[in-house]
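Each value in this text was obtained by applying a stated rule to the coordinates, not by laboratory testing. Just so we're clear, the structure is a prediction, and the values are computed from it rather than from any experiment.
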């Protein structure tokens, strides 16, 4: 019995540790969580941007204080990639995880360590103010 005690203690300790696995959200999970919602993201505790997720994988994105950009998203090699209608920039791909506090997003570009956190999720549409709004 005394020989089993260290083995049993080790087994219980290992069982209590979090599993280190790639548990990124799939496209279906991401779509289910985001469609019909507007999410606000922060970067290093600073407001970063807001994105409204529409049906058919359409989005409206705005950096804080900037004009809105319409676009779409798709899945590519386990990442969620965004392409915007009026932007010459290549697709912006991110991996997403669901946490207790909302989404966590890590940019998939080389040499980047950009990590965003969801700070608000609502059903309120994104209000786009810009140079082409109004009469």
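Scaled to the globular estimate 2.2 N^0.38 Å, the Cα spread of the range 65-112, given as radius of gyration, is 1.27.
Across the range 39-125, C-alpha contacts under 8 Å between residues 6 or more apart give a mean separation that, scaled by the residue count, equals a relative contact order of 24 percent. Here the extension length gained between residue 63 and residue 75 equals 2.1 nm, from 0.36 nm per residue of separation less the Cα-Cα distance.
Taking a quarter of the surface of the Cα convex hull of the range 22-122 gives a mean projected area of 6.5 nm². Expressed as a fraction of 2.2 N^0.38 Å, the value expected for a compact globular protein of N residues, the C-alpha radius of gyration of the range 31-85 is 1.13. Compared with the direct C-alpha span, the chain from residue 120 to residue 86 gains 9.6 nm at full extension, assuming 0.36 nm per residue.
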